[in-house]
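K.L.:
Next up is a structure, given as structure tokens.
Derivation of every value follows stated rules applied to the coordinates shown; laboratory data play no part. This is a predicted model, so every value here is computed, not measured. So basically every Cβ, Gly included, is an ideal-geometry build from the backbone, and we count neighbours across all protein chains shown.
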């Protein structure tokens, strides 16, 4: 293990953290000057650590997959621990609770320890929302620049896509871009989408502070809100329709969005994952709307369709925002939302869990097996985006799904022992953290459920959030003794 190379690269992470902390510091200067040291202290710590790493660790040596995995894991840990310091110093919480909040933000999980978020200072509300945005962008860049890790996690189809942009030049339409141009383009689109959604929300009646904070949550597919009632505090169709459109876009592969922005529309019909994603969202939303419309609670179909779309897309993209308690909906509508928990958005977005591309491969493989029963000699290739998928990809995806299921069951059992939650709510809470859902069923319907849990129960949940964000196989590799052997 080349630790010098790992620590040398970590200085850039620490330097970036120090720069990021400038934004809430400036905000605090206008809101509460006495709170600025809470942001300046971790910023100074980051700078000092970055200087020490630069001073004592050189950049020589090979940076292999092994070093990349350790670097990735340490980057997340360092970011989480430093980002928790302002929350700990400003809010009336312990450091373990601040650490949980920071972990939830960086992993875009959406679970929170604050039952009364409206009582938090405006600059702290901004900081916890900004943490989500950083976590969402980090997830997208993880998909783009760490293809070996993605391959290990059973996403070989996405690995090929990400490998394309690692070449000296990648073609988008008639243009050939290198890595810096693609990175700039992604950053430009990410910021532009934040600005667009913020403007929409301001036009819908929100002040600039709330608009920016909730835009951070949507594009990071996370569920932090500045209000205890979440989006129920707004309750306007204009804002809800805008959120529906933005959440659909947030669940789309970022490279696909880049190609569309570059006016490369000719192959849009070949983007099978995106088309399956839209089909799944449409079917689930319309079915949910039908249950709502013909139930006892709703009479207006436009309202039912809007409500069904909003909550279904929130579930599919793992955004986890809600405008009312869907536990009061008809049983049929709740069943659709429960199904939506297991259907993920596109690979290359900041969503987590089982991605649509993985589910499509599993479905097509099972379909091909069924056909072989009738035609044993038939050769039935599985194609995604016009490319043939090997059986090894299906096996990796099936293994990943099995590990997800095992971790959720074992985690639910452990949480039941460590807390007073019933077994179903414990399993749902673990699933919320593992797939970064933000909300679930049972008691986990409340995003602030973690505030009622003892610290000993928060520790495994923090680990599970990190486990889900980094892909399960990545963390499992780090736990293998053979991984650390030279």
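K.L.:
Among 372, 469, 355, what is the fewest-to-most ranking by other Cβ atoms within 10 Å?
P.N.:
Final ranking by Cβ density, sparse to dense: 372, 469, 355.
K.L.:
Give the order of 13, 254 when sorted by the count of other beta carbons within 10 angstrom, beginning with the fewest.
P.N.:
13, 254
K.L.:
Sorting 426, 262 on the 10 Å Cβ count, fewest up front, what's the list?
P.N.:
Result, fewest neighbours first: 262, 426.
K.L.:
Next up: Cα centroids of the stretch 201-241 and the stretch 366-421: how far apart, whole angstrom?
P.N.:
36 Å
K.L.:
Which of the three applies to the stretch 201-296, rounded, prolate or oblate, going by the alpha-carbon gyration tensor with a ≥ b ≥ c and a/c under 1.5 meaning rounded?
P.N.:
In terms of gyration-tensor shape, oblate.
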